[in-house]
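Q: Sharing a structure, written as structure tokens. Questions coming.
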Amino acid sequence: MKLWSGRFEKKTAAEVDDFNSSIHFDWRLYRHDIRGSIAHARMLGRQGIISEEEADLICTNLEQLLKDIESGSINFSTEAEDIHMNIESLLIERIGQTGKKLHTGRSRNDQVALDTRMYAREETDQILQLLSALQYELLKTAEDNAETFMPGYTHLQKAQPITLAHHLMAYFEMFRRDMERLLDCRKRINIMPLGSGALAGTTYPLDREWVAEELGFSDITRNSLDAVSDRDYIIEILGCCSMIMMHLSRFCEELILWSTDEFGFVIMDDSYSTGSSIMPQKKNPDVAELIRGKTGRVYGNLIALLTVMKALPLAYNKDMQEDKEALFDSLDTVKKCLKVFTGMLSTLKFSRKQMKQSALSGFANATDAADYLVKKGLPFRSAHEVIGKLVLHCIKHNLSLQDLELSQFKEFSPLFEEDIYHAISLETCVNERKLPGGPAAETVKQAIKEGRTWLDNVLSNLATA
Ligand code: ARG
């Protein structure tokens, strides 16, 4: 029998039960639902809304139910619709009349909001941990490569030389922002909605603050209508997930490119690569490609929920049940991708020689040649013109700037001296760029140190949250 069957004369059509039911995906809220119900029942007992004995009986049986679910001995029913009513029905089956008192002063609408917030909070913390592991891996690899020269690109054309450490630390910054976004979003997740009832609160003297504290929330929601119909925090998480995937996909794209024969900057480990069923020579970067591909579904979930919520009237509407599959799928996907990406990164072999060789060609030092003339007194725009001509000359004769004789330099400008070779060497180009944020080895080492301190700090705060 349904928990709400009183005003109905007919049974629900089987296909409606099937259509309406969310138990096949919201079962995973069982722990949060039970924990929330225990706090609610305790509070009802403390407030004298039910007796302390009744609260005890409810709580011990909910705890037993939790054990039974975890041991796999419970089958949830589609007819009971969702995880909330499944658990309540199971409790009533076990303890009868007293079990029927659990839902006093509560609605499924504030209950589902509570459970989803607890789930989201836990998952956010897991993603923060996974991001930290990735960040530590980036710091470690960057530390080893502060003097590994490589070309930096714009338009995917060689631009100016940088180091691998500087490149990796660019990703550190992206993931740092992702972590900050999640931490900020967590503040809005961590608000307790119970006591909002179906939409208009309740007449029982509930102690909302006590429940909030019991469940580790930092505050209670301030408007009952909003509390049961707010899915902003889920959309925010989906946004955070999308941004993480966007960053991962950019990183993956670069690794895919770098592992080509044309680039040859990186060799992926056999354990993170796959072969071809027909071409014996192939070693494919499937992991990186799949992460790049999964970015699409994570974006899709964000757009799906934004669209579900568009123009929905207050307060709860069943449409909102569509939030969970999107949320679960994005969280699962991001967690899997972060884990496998960190594994892939930690097994990469960078071909330092190849990277350096590449940085030496393609006129990545042309800006420095122009800056050299500026330091000798030429206005920058004129220096740009001179070096442009010099580059064109080199292209025609298949040379690099550093291959030219001093006399050839002088044909383009009398300002060139012997020190031009030092000025356009890879070491100078990189290590003289030592403004904060630049690629110079000493600057990047400083950035790595700062990054590590920041990360240690975030993690220790997380542990106490
Ligand atoms: N399974 C529902 C959901 O996920 C729970 C809330 C249902 N409330 C209701 N009045 N039908 O949204």
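Q: If Ala366 passes every condition in (1) buried (at least 17 other Cβ atoms within 10 Å of the Cβ); (2) over 47 Å from the mean Cα position of the chain (by Cα); (3) within 15 Å of Tyr421 (Cα to Cα) but one, which one does it miss?
A: Here Ala366 clears every test but (2).
Q: Pairs, please: C-beta under 6 Å, at least 6 apart or cross-chain, first residue surrounded by fewer than 19 Cβ atoms within 10 Å (Cβ to Cβ) and in segment 52-69, second not in a helix (DSSP H, G or I)?
A: Matching pairs, first to second residue: Asp68/Ile74.
Q: Right, next: Quick check on this structure: which one of Leu168, Leu156, Leu164 is away from the ligand (no atom under 16 Å from the Cβ), closer than 28 Å to Asp368 by Cα and surrounded by fewer than 19 Cβ atoms within 10 Å (Cβ to Cβ)?
A: Numbers: Leu168 fails: surrounded by fewer than 19 Cβ atoms within 10 Å (Cβ to Cβ); Leu164 fails: surrounded by fewer than 19 Cβ atoms within 10 Å (Cβ to Cβ).
Step by step, each of Leu168, Leu156, Leu164 is checked, and only Leu156 is away from the ligand (no atom under 16 Å from the Cβ), closer than 28 Å to Asp368 by Cα and surrounded by fewer than 19 Cβ atoms within 10 Å (Cβ to Cβ).
Q: OK, next. Please verify whether segment 170-182 includes one or more residues that are in a helix (DSSP H, G or I) and more than 18 Å from Glu450 (Cβ to Cβ).
A: Kept after step one, since they are in a helix (DSSP H, G or I), are these residues of segment 170-182: 170-182.
Pick out the ones that are also more than 18 Å from Glu450 (Cβ to Cβ) and you get 181-182.
Looking through segment 170-182, at least one residue is in a helix (DSSP H, G or I) and more than 18 Å from Glu450 (Cβ to Cβ).
Q: While we're here: Residues to consider are Phe25, Phe8, Phe76; find the one that is of a type outside the set (D, E, K, R), within 13 Å of the ligand (Cβ to nearest atom) and over 24 Å from Pro193 (Cα atoms).
A: One residue alone meets the criteria, Phe76.
Q: OK, next. So which helices (runs of 4 or more DSSP H) stay within segment 300-412 end to end and still have 3 or more residues that are more than 16 Å from the ligand (Cβ to nearest atom) and within 25 Å of Cys429 (Cβ to Cβ)? Before you say what the answer is, go through the steps one by one.
A: Details: elements: 323-346, 352-360, 366-375, 380-397, 406-412.
It comes to 352-360, 366-375, 380-397, 406-412.
Q: Another question about this same structure. Does Asp56 meet the test of being of a type in the set (Asp, Glu) and touching an Asp or Glu at 6+ places or on another chain (Cβ under 7 Å)?
A: Numbers: of a type in the set (Asp, Glu): yes; touching an Asp or Glu at 6+ places or on another chain (Cβ under 7 Å): no.
Criteria not met by Asp56.
Q: Something else: Take segment 395-405 and flag every residue that is over 13 Å from Leu360 (Cβ atoms) and surrounded by 15 or more Cβ atoms within 10 Å (Cβ to Cβ).
A: So the first thing to find is which residues in segment 395-405 are over 13 Å from Leu360 (Cβ atoms), and the list is 395-398, 404-405.
Leu404 - this is the single residue of segment 395-405 that is over 13 Å from Leu360 (Cβ atoms) and surrounded by 15 or more Cβ atoms within 10 Å (Cβ to Cβ).
Q: Looking at Ala227, Ala311, which one is at positive phi and either buried (at least 22 other Cβ atoms within 10 Å of the Cβ) or free of Cβ contacts under 8 Å to residues at least 12 places away in the same chain (or both)?
A: On the way: Ala227 fails: at positive phi.
Residue meeting the stated conditions: Ala311.
Q: Applying the selection to segment 305-339, what residues are of a type in the set (Val, Ile, Thr) and out of contact with any helix residue (DSSP H, G or I) (no Cβ under 6 Å at 6 or more places or on another chain)? Working first, answer last.
A: First, pick out the residues of segment 305-339 that are of a type in the set (Val, Ile, Thr): 307-308, 333-334.
Selection gives Thr307 alone.
Q: Here's a follow-up. When you go through (1) surrounded by fewer than 21 Cβ atoms within 10 Å (Cβ to Cβ); (2) within 15 Å of the ligand (Cβ to nearest atom) one by one for Glu262, which number turns out not to apply?
A: It is condition (2) that Glu262 fails.
Q: Can you report the number of residues in segment 191-220 which are crowded, with 17+ Cβ neighbours inside 10 Å and in a helix (DSSP H, G or I)?
A: Count: 4.
Q: Another question, if that's okay. Within segment 415-439, which residues are surrounded by 18 or more Cβ atoms within 10 Å (Cβ to Cβ) and under 31 Å from the mean Cα position of the chain (by Cα)?
A: Hit for segment 415-439 is Pro439, nothing else.
Q: Does Leu290 satisfy the condition of being under 29 Å from Arg108 (Cα atoms) and either out of contact with any Gly (no Cβ under 9 Å at 6 or more places or on another chain) or within 16 Å of the ligand (Cβ to nearest atom) (or both)?
A: Considered against the rule, which asks whether it is under 29 Å from Arg108 (Cα atoms) and either out of contact with any Gly (no Cβ under 9 Å at 6 or more places or on another chain) or within 16 Å of the ligand (Cβ to nearest atom) (or both), Leu290 comes out as no.
Q: From the set of residues in segment 83-132 that are of a type in the set (Lys, Arg) and in a helix (DSSP H, G or I), which is farthest from the ligand (Cβ to nearest atom)? Even if it seems obvious, please write down each step before you answer.
A: As a first pass, look at segment 83-132 and keep what is of a type in the set (Lys, Arg): 94, 100-101, 106, 108, 117, 121.
Restricting the remaining residues to those that are in a helix (DSSP H, G or I) gives 94, 100-101, 108, 117, 121.
Numbers: Arg94: 22, Lys100: 18, Lys101: 20, Arg108: 4, Arg117: 13, Arg121: 17 Å.
Looking at residues that are of a type in the set (Lys, Arg) and in a helix (DSSP H, G or I), I get Arg94.
Q: Here is a check on your reading of the model: is Ala80 under 19 Å from Gly96 (Cβ atoms), of a type in the set (A, V, I, L, M) and part of a helix (DSSP H, G or I)? Lay out the reasoning, then the answer.
A: Working: under 19 Å from Gly96 (Cβ atoms): yes; of a type in the set (A, V, I, L, M): yes; part of a helix (DSSP H, G or I): no.
For Ala80, the condition - under 19 Å from Gly96 (Cβ atoms), of a type in the set (A, V, I, L, M) and part of a helix (DSSP H, G or I) - is not met.
Read the figures in this text as sums done on the coordinates, not as results from a lab. These figures come from a predicted structure and were not determined experimentally. All Cβ positions, even for glycine, are placed from backbone atoms using ideal geometry, and neighbour counts span all protein chains on display.
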